[in-house]
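Here's the structure we're looking at; comments come further down.
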């Protein structure tokens with residue numbers, strides 16, 4: 001999942017462990033796209049890859065506007081933002097995660113994929 005985002009030049013990828021914090025999922029991934037077009041393209045590519053890997057129930061919101069796309073893949077929730085929208089909502093702060101460092105944070109591809117497929 002994070003590899004797909006990295007391939008699409010997502011910035012400031014952060015993975016948050018939600019286990020024992022929320023019932024919405026076990027993991028949240030947050031990433032930034034530089035434009036509405038990039039956010040929408042990253043979301044489209046990620047949804048396509050999830051479906052290709054057999055994840056049956058993937059829902060997406062916000063593609064039309066492109067400021068913030070939400071992808072719900074079961075136990076993994078992905079938020080893709082334009083920079084100013086990400087700053088405004090501050091999800092990392094809300095969930096007790098550190099803001100993104102200057103380097104990309106990578107969440108193990110196999111672990112996220114397994115979590116997404118567990119509820120497929």
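Every number here is computed from the coordinates shown, using simple stated rules; none is lab data. Note that this is a predicted model, so its numbers are computed, not measured. Glycine gets a Cβ as well: all are built from the backbone with ideal geometry, and neighbour counts include every protein chain shown.
Structure values in brief
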quantity	calculated
Sequence of 51, 56 once ranked by neighbouring C-beta atoms within 10 Å, starting from the fewest	56, 51
Net lengthening on full extension, residue 64/residue 89 (0.36 nm per residue, minus Cα-Cα)	7.1 nm
Peptides ranked, highest mean first, by Cβ atoms within 10 Å: ranges 57-68, 1-12	1-12, 57-68
Order of 13, 71 - criterion: other Cβ atoms within 10 Å of each residue's Cβ, fewest first	13, 71
Whole-angstrom Cα spans of the stretch 1-87 along principal axes, big to small	32, 29, 22
